[in-house]
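Input: a single structure, listed below in structure tokens.
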Amino acid sequence: MSHELRTPLNSILLLSRLMVENGDDNLNEDQVESARVIQSSGSSLLSLIDEILDLSKIEAGKMELELGSVPLSVLKNDLQNLFSPVAREKGLDFTIDLYPDEAGKDIFTDKLRLEQVLRNLLSNALKFTTQGSVTLKIKPAANDADHVQFLVEDTGIGISAENQKIIFEAFQQADGSTRRKFGGTGLGLSISRELARLLGGEITVASALGTGSAFSFIIPRSKNATGVKSLPENKTETVAANLVEDARR
């Protein structure tokens, strides 16, 4: 299915890109714009196909991990280079804070899948934040030396308590207006949660509507680490309360 779907779609993307790039000599302005729409829509469809195939692999137990040593400093630099231009374009402050305790350390995990989860979380944070900041904190998990925490915080639209219960379900977003305004398939968080589980970790969210969100992604440092110690419920409530308090200042 992967081959059958991607091959014709890649041809459409290639030809539409050529039409856009060489359209000045052969096409009028409306035709060039139509080619841009084809290219944009095709790219969105390709992303959707990739996400559906990833989710299908996970649900079928066919997702294979390639474990190896991942330097946290390299991970930080890669993500900084990838997302800084996006943040600048939106006028947002973007920071990746690698705590001193984690500087120079490696973790043993699947780098590709780890980055996929963090890209999803950061992309969402930047997409749903129109002013303020997005921050990724890389730090030791609370009271758990065997795990590392990636905390993505934003000052975006936030998520109501009711909608926090469904955002990790496939094809779900906070509400219909969110999908219309910001786009997206609603698969990113569902895939991220399943990948986190494959990596031996978990993702949780604390959010206050209108003031921002904090997504916590915790994974083991090595294959020998025991299960994730979840963030205590009162701690989650404290994070949400802090978001509200920060918004009032």
**Request:** Considering only segment 109-149, state which residues are closer than 14 Å to residue 97 by Cβ and of a type in the set (D, E, K, R).
**Result:** 137, 139
**Fill in**
Turns out the helices (runs of 4 or more DSSP H) fully within segment 1-84 with at least 2 residues that are surrounded by 15 or more Cβ atoms within 10 Å (Cβ to Cβ) and polar (S, T, N, Q) are 29-59
**Request:** Count, please, the residues in segment 131-172 that happen to be in contact with a helix residue (DSSP H, G or I) (Cβ under 7 Å, 6 or more places away or on another chain), touching a residue at least 40 places away in the same chain (Cβ under 8 Å) and closer than 26 Å to residue 78 by Cβ.
**Result:** 7
**Prompt:** So is residue 104 out of contact with any Lys or Arg (no Cβ under 6 Å at 6 or more places or on another chain), free of Cβ contacts under 8 Å to residues at least 40 places away in the same chain, in the same structural domain as residue 72 (by TED's automatic domain parsing) and of a type outside the set (Phe, Trp, Tyr) or not?
**Reply:** yes
**Prompt:** Of 55, 92, which residue is in contact (Cβ under 8 Å) with a residue 24 or more places away in the chain and outside the structural domain of residue 138 (by TED's automatic domain parsing)?
**Reply:** 55
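The values are calculated or read from the model by the stated rules, or taken from the named source; none is laboratory data. On a predicted model such as this, the values are computed, not experimentally measured, just so you know. Positions of Cβ are generated from backbone atoms using ideal geometry, with glycine treated the same way; all protein chains shown enter the neighbour counts.
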